1. Can you tell me which residues in region 49-73 are within 13 Å of ALA16 (Cα to Cα) and of a type outside the set (D, E, K, R)?
2. Determine the pairs where a residue that is closer than 12 Å to GLN20 by Cβ, located within region 32-48, has a partner that is among the polar types (S, T, N, Q) and modelled with pLDDT of 95 or more with Cβ atoms under 8 Å apart, the partner being 6 or more residues away or on another chain.
3. Here are the criteria: (1) on the phi < 0 side of the Ramachandran plot; (2) within 9 Å of the ligand (Cβ to nearest atom). Tell me which single one PRO50 does not satisfy.
4. Please verify whether HIS13 is assigned to a loop (DSSP other than H, G, I, E, B) and either open to solvent by less than 100 Å² (accessible area, probe 1.4 Å) or at pLDDT 95 or above (or both), treating the condition exactly as stated.
5. Restricting the search to region 20-73, which residues are open to solvent by 50 Å² or more (accessible area, probe 1.4 Å), more than 14 Å from MET10 (Cα to Cα), in a loop (DSSP other than H, G, I, E, B) and of a type outside the set (Asp, Glu)?
Amino acid sequence: METASIVILMRIHVDAKKCQGHNRCYALAPELFDVDDYGNAVVIGDGSVPAELEDKARLALANCPEFAITISE
Ligand code: SF4
């Protein structure tokens, strides 16, 4: 019998309405965030966070002054 393996992915999201473009997230985790033409942050790809970058994702969340970053796990 096969056992199902459950992979829980962390995913980040930026609320474009809250983001004010400080770019702290980009400075702290350029592997996870990019900057759009208006200077606001966007997540790279679909926002999935590789396990080795989870600490950086949490650091970015903690340092966003607009509370624009959310993490789902
Ligand atoms: S730190 Fe927050 S407000 Fe600043 S660019 Fe990143 S998501 Fe936007």
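The values are calculated or read from the model by the stated rules, or taken from the named source; none is laboratory data. Given the structure is predicted, the values throughout are model-derived calculations rather than measurements. So basically every Cβ, Gly included, is an ideal-geometry build from the backbone, and we count neighbours across all protein chains shown. The protein model used for the area step is the full one, side chains on, heavy atoms only, and it has no ligands, DNA or RNA in it. Shrake-Rupley method; radii C 1.70, N 1.55, O 1.52, S 1.80 Å.
1. Within region 49-73, the subset within 13 Å of ALA16 (Cα to Cα) is 64, 66-70.
Within region 49-73, CYS64, PHE67, ALA68, ILE69, THR70 qualify.
2. Cβ pairs passing all conditions: ASN40/GLN20.
3. (2) is the only condition that PRO50 fails.
4. no
5. GLN20, HIS22, PRO30, TYR38, PRO65, PHE67
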